[in-house]
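**Q** Quick one: the structure is below, questions incoming.
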Amino acid sequence: MPEPLVYKLNDIVEMKKPHACGANAWKVTRVGADIKLSCTNCGRGIMMPRFDFNKRLKKILVVSETN
Ligand SMILES: [Zn+2]
């Protein structure tokens, strides 16, 4: 099994499918039972269960330096 990706608040992540606006870079704005993301291009926010997020996450683009 592949190693699960480690992500945290304020990281920029790429998903398996791009947003409807064409961008594929999302900022992680909440980490909990649900993951909240904000599109870095159009600013639209989405929320999904952590389980779904883990399946849809492709890679971490930018690791946040804040804790
Ligand atoms: Zn967008």
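Every number here is computed from the coordinates shown, using simple stated rules; none is lab data. These figures come from a predicted structure and were not determined experimentally. With ideal geometry, Cβ positions are generated from the backbone for all residues, glycine too; neighbour counts draw on all protein chains shown.
**Q** What's the total number of residues in the stretch 6-29 that are surrounded by 13 or more Cβ atoms within 10 Å (Cβ to Cβ) and in contact with a Lys or Arg (Cβ under 9 Å, 6 or more places away or on another chain)?
**A** At the first step, the residues of the stretch 6-29 found to be surrounded by 13 or more Cβ atoms within 10 Å (Cβ to Cβ) are 7, 9-15, 18-19, 23-29.
Then drop every residue that is not in contact with a Lys or Arg (Cβ under 9 Å, 6 or more places away or on another chain), which leaves 9-15, 19, 24, 28-29.
Selection size over the stretch 6-29: 11.
**Q** Would you mind telling me which numbered condition in (1) surrounded by 15 or more Cβ atoms within 10 Å (Cβ to Cβ); (2) assigned to a loop (DSSP other than H, G, I, E, B) Phe53 fails?
**A** Answer for Phe53: the failing condition is (2).
Yes/no matrix, rows are residues, columns are (1) of a type outside the set (Val, Ile, Thr); (2) within 15 Å of the ligand (Cβ to nearest atom); (3) in a strand (DSSP E or B):
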| residue | (1), (2), (3) |
| --- | --- |
| Glu3 | yes, no, no |
| Glu14 | yes, yes, yes |
| Pro18 | yes, yes, no |
| Ala23 | yes, yes, no |
| Lys27 | yes, yes, yes |
| Ser38 | yes, yes, yes |
| Ile46 | no, yes, yes |
| Glu65 | yes, no, no |
